Amino acid sequence: MDDSPASDRSTDSLTIDEADNSPPQSRSDRVSDATSRFVHGVELAAAALFALLFGIGVVDLALQIAESVPTGEITDPNVVIGFIETGLLLLIIVEVYQTVVAYIEQSDTRRIVRLVIYTGVIAMVRKVIIFRTSEYATTQDALFAAVAYGIVILGLVALLYVERSVGPSLTD
């Protein structure tokens, strides 16, 4: 009869009583707890802000597309590139949102690293798509920028390869 509900209740009340009799927290513990709650609140606010930015961005992109259809601007390649740029920026916002959520949920390191790499890849693809040599003072400046983009992209691809090929050791 030790497994009866009455014995469970007495064990539960002992546990609650023991928790009430725990030693009081030190001042540094209280400050640490308050700081942790504050940081968690800021993380939640950041996630909500990114979700809001994404929603506003989607509505704005839809309005831009709807406005360009009747005027015929939708057939202009520069306008379409602008839409693609906005869409990729929205994907970056989603990836940053997912990274913040992963931090909040205290996901494993591997998931967070993967999200950061994906964000970098999307950002660099966006930079390559909108790259215009006319935005640089000299051809050499444009070449340096293009080489820098290439190096960053190769680095991100290498990181992505390593992240995918290395086993579960990254989760520790």
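The values are calculated or read from the model by the stated rules, or taken from the named source; none is laboratory data. Bear in mind that the values here come from a model prediction, so they are computed numbers and not experimental data. Ideal geometry is used to build each Cβ from the backbone, glycine not excepted, and the neighbour counts take in all protein chains shown.
If you take the residues in segment 110-152 that are within 29 Å of the chain's Cα centre (by Cα) and assigned to a loop (DSSP other than H, G, I, E, B), which one is farthest from Glu95 (Cα to Cα)?
Arg132
Can you tell me which residues in segment 130-153 are without any contact (Cβ under 8 Å) to a residue 24 or more places away in the chain and surrounded by 12 or more Cβ atoms within 10 Å (Cβ to Cβ)?
Once the filter is applied, which keeps residues that are without any contact (Cβ under 8 Å) to a residue 24 or more places away in the chain and surrounded by 12 or more Cβ atoms within 10 Å (Cβ to Cβ), segment 130-153 yields Phe131, Thr133, Tyr136, Asp141, Ala142, Leu143, Phe144, Ala145, Ala146, Gly150.
Among the residues of segment 163-171, is there at least one that is more than 29 Å from His40 (Cβ to Cβ), loosely packed, with under 13 Cβ neighbours inside 10 Å and modelled with pLDDT under 80?
Looking for residues that are more than 29 Å from His40 (Cβ to Cβ), loosely packed, with under 13 Cβ neighbours inside 10 Å and modelled with pLDDT under 80, one finds at least one in segment 163-171, hence yes.
Read through the list (1) touching a helix residue (DSSP H, G or I) at 6+ places or on another chain (Cβ under 8 Å); (2) at pLDDT 90 or above; (3) surrounded by fewer than 17 Cβ atoms within 10 Å (Cβ to Cβ), then give the number of the only condition that Leu90 fails.
(3)
Does any residue of segment 74-93 turn out to be part of a helix (DSSP H, G or I) and within 19 Å of Glu43 (Cα to Cα)?
Taking every residue of segment 74-93 in turn, at least one turns out to be part of a helix (DSSP H, G or I) and within 19 Å of Glu43 (Cα to Cα).
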